[in-house]
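Asks: Structure below; questions to follow.
The values are calculated or read from the model by the stated rules, or taken from the named source; none is laboratory data. Keep in mind the model is a prediction, meaning the values are calculated, not measured. Every residue, glycine as well, gets a Cβ built from its backbone with ideal geometry; the counts of neighbours run over all protein chains shown.
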Amino acid sequence: MKLIALSGSLRHGSFNTKLAHEAARLAPEDVHVTVETIHGIPLYDADAEVQEGLPERVTALKNAIMAADGLLLVTPEYNNSIPGVFKNAIDWLSRPDADIKRVFGGRPVALTGASPGGFGTILSQNAWLPVFRTLKVNFWSGGRLLVSRAQGAFGESGTLANPATEEQLKTFMAGFAAFIRMAQPEP
Ligand code: FNR
């Protein structure tokens, strides 16, 4: 099984990008997770879309998502909601083009996130739900993982410092993989 873990932060040293890498490390053995970021995606501009089509980076990410069995969004929280840069990326990715009409409809999607606060992106995660409904993703709500106090959650090498959080992430990834297997039984 192939998954994409998309981090919604541009920050060097991002907790969410670290969490995406940890999701890859702690996924079940037969699940290969590729970490992607939103670097290189311009601000959405409907005129540019009409004149130039989708930006190269958007097309590349759409292709990567199409080739995967599921998508894990790793979201920061800004002002108790979705960071604009991440929403902008998803807005671009939701646009149809001649090759790939839609990448989100029916696609298994899971959500996690990390923040230095005590509530670990709970409001940002909730804010994604109406977006997922509109995009008609196949959202996995069977697990919830909020990494709070993120400044202390990762060690020097970027791995999760607390074995209990590691275990939670392992369980989360196994649950998402099982959900995808149920949704798309292998031939
Ligand atoms: C934040 N941050 C933040 N954190 C949080 O838990 N709840 C919040 O509402 C906000 N609001 C907020 C607004 C803005 C404009 C910024 C720039 C930041 C802090 C945020 O969680 C922190 O910067 C994280 O480090 C962002 O994630 P990455 O970049 O480390 O992945």
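Asks: Considering segment 112-127 alone, what residues qualify as being near the ligand (Cβ under 9 Å from one of its atoms) and surrounded by 24 or more Cβ atoms within 10 Å (Cβ to Cβ)? Give the derivation first.
Replies: The first filter runs over segment 112-127 and keeps only residues near the ligand (Cβ under 9 Å from one of its atoms), leaving 113-124.
G113, A114, S115, T121, S124, listed by residue number.
Asks: With the requirement that a residue be surrounded by 20 or more Cβ atoms within 10 Å (Cβ to Cβ) and in contact with a Lys or Arg (Cβ under 7 Å, 6 or more places away or on another chain), what does segment 27-57 give you?
Replies: I41, L54
Asks: Which residues, taken from segment 57-85, are without any contact (Cβ under 8 Å) to a residue 12 or more places away in the chain and either within 16 Å of I100 (Cα to Cα) or in a loop (DSSP other than H, G, I, E, B) (or both)? First the steps, then the outcome.
Replies: Filtering segment 57-85 down to residues without any contact (Cβ under 8 Å) to a residue 12 or more places away in the chain leaves 60, 79, 84.
Scanning segment 57-85 gives A60, N79.
Asks: Those residues that are in contact (Cβ under 8 Å) with a residue 24 or more places away in the chain, among the small types (G, A, S) and within 14 Å of the ligand (Cβ to nearest atom), I need them from segment 135-166; list them, please.
Replies: S148, A150, A153, G158
Asks: Given the options R133, R95, name the one that is under 23 Å from G175 (Cβ atoms) and not acidic (D, E).
Replies: After ruling out the rest, the residue left standing is R133.
Asks: G113 is checked against (1) at pLDDT below 95; (2) under 14 Å from the mean Cα position of the chain (by Cα); (3) small (G, A, S) and fails just one. What number does that condition carry?
Replies: With respect to (1) at pLDDT below 95; (2) under 14 Å from the mean Cα position of the chain (by Cα); (3) small (G, A, S), G113 is out only on (1).
Asks: Okay, next question. Out of the residues in segment 1-24 meeting the condition of being without any contact (Cβ under 8 Å) to a residue 40 or more places away in the chain and not charged (D, E, K, R), tell me which one is surrounded by the most Cβ atoms within 10 Å (Cβ to Cβ). Step through it out loud before you land on a result.
Replies: First pass over segment 1-24, keeping only residues without any contact (Cβ under 8 Å) to a residue 40 or more places away in the chain: 11-13, 24.
Subsequent filtering for residues that are not charged (D, E, K, R) retains 12-13, 24.
Working: H12: 6, G13: 9, A24: 18.
Filtering first and then ranking leaves A24.
Asks: Next up: Can you tell me which residues in segment 102-130 are among the hydrophobic types (A, V, I, L, M, F, W, C) and assigned to a helix (DSSP H, G or I)? Before you say what the answer is, go through the steps one by one.
Replies: Here is the first cut: in segment 102-130, the ones among the hydrophobic types (A, V, I, L, M, F, W, C) are 103-104, 109-111, 114, 119, 122-123, 127-129.
Result: I122, L123, A127, W128, L129.
Asks: Sticking with this structure for a sec: From F132, F176, F154, which residue is touching a Lys or Arg at 6+ places or on another chain (Cβ under 8 Å) and either modelled with pLDDT of 95 or more or surrounded by 14 or more Cβ atoms within 10 Å (Cβ to Cβ) (or both)? Let's see the steps before the verdict.
Replies: Details: F132 fails: touching a Lys or Arg at 6+ places or on another chain (Cβ under 8 Å); F176 fails: touching a Lys or Arg at 6+ places or on another chain (Cβ under 8 Å).
None of the others qualify; the one that does is F154.
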